[in-house]
Amino acid sequence: MGNANGRSTNASKKRSLARAGANVVTGDLRDRALVQRLCAENRFDAVIHLAVDWRLESPPAERTTLNVRGTQTVVTAAAAAGVPRVVVVTSAVVYGALPDNPVPLAEDAPLQAVPEGIVADLLEIERVAVDARRVHPGLDVVVVRPAALVGPGVDTLVTRHFAAPRLLCIKDSSPAWQFCHVDDLAPALEHAALGRVSGNVTCGSDGYLTQQRLQDLS
């Protein structure tokens, strides 16, 4: 389930899912007709929720309302319609970029990101997923946390970082980098929708790049 407000990152995800055979429903989560449609349609096997506003220029209050309340709306409507599974997409950034994080970071590591900007929204979406599992015990809620998304149409702080004329890095730091292409996210979401994974799962490329290797490639 997507959103019709021109968000390029979500558009890339939806195109990838459509190629994988998913039924893509586009609309505004603030329109009650969309929720009614979900309840009125023939039984869905699963709902993949993609309507998250990632735009850097979005007014924070408006973005949070769409992201958090929109997720609550989808989960509630899915439960009411008898949908067995909802897949919610957040990001691996919810783990937090702590200097003492082990590499690689375990999938079940605690969420320690600083709740600022879009990250605050993602942490709230994660909370919505936790609450949904408790309130709707018959609903399987799967949270997919992709690594930094890249690919056509993706516009995030990370992609803008690499579009800059210089590759910046904090002095004396050596970060590890991992990415997820939008075309690779689609089969991961398909796996989640089919119930082949459950709970909270991460999605990214095999291995990671050191800062030096990234600089060499750039």
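Key figures for this structure:
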{"item": "Condition met for residue 53 (under 15 Å from the mean Cα position of the chain (by Cα) and part of a loop (DSSP other than H, G, I, E, B))", "result": "yes"}
{"item": "Filter pass, residue 78 being in contact with a strand residue (DSSP E or B) (Cβ under 7 Å, 6 or more places away or on another chain) and either open to solvent by 10 Å² or more (accessible area, probe 1.4 Å) or aliphatic (A, V, I, L, M) (or both)", "result": "yes"}
{"item": "Flag for residue 165 being modelled with pLDDT of 90 or more, open to solvent by 50 Å² or more (accessible area, probe 1.4 Å) and out of contact with any Ser or Thr (no Cβ under 8 Å at 6 or more places or on another chain)", "result": "no"}
{"item": "Filter pass, residue 96 being within 19 Å of the chain's Cα centre (by Cα), at positive phi, surrounded by 15 or more Cβ atoms within 10 Å (Cβ to Cβ) and not basic (Lys, Arg)", "result": "yes"}
{"item": "Filtered residue count, the range 175-203, keeping only those that are closer than 19 Å to residue 93 by Cβ, in a loop (DSSP other than H, G, I, E, B) and open to solvent by 40 Å² or more (accessible area, probe 1.4 Å)", "result": "2"}
{"item": "Within the range 135-162, considering residues that are in contact with a Phe, Trp or Tyr (Cβ under 7 Å, 6 or more places away or on another chain) and not in a loop (DSSP other than H, G, I, E, B), the one least open to solvent (accessible area, probe 1.4 Å)", "result": "148"}
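The values are calculated or read from the model by the stated rules, or taken from the named source; none is laboratory data. As the structure is a prediction and not an experimental result, all values here were calculated from the model. Note that we place each Cβ from the backbone using ideal geometry, even for glycine, and neighbour counts take in every protein chain shown. For the accessible areas, the whole protein counts, side chains as well, though only heavy atoms, and no ligand, DNA or RNA atoms are used. Shrake-Rupley method; radii C 1.70, N 1.55, O 1.52, S 1.80 Å.
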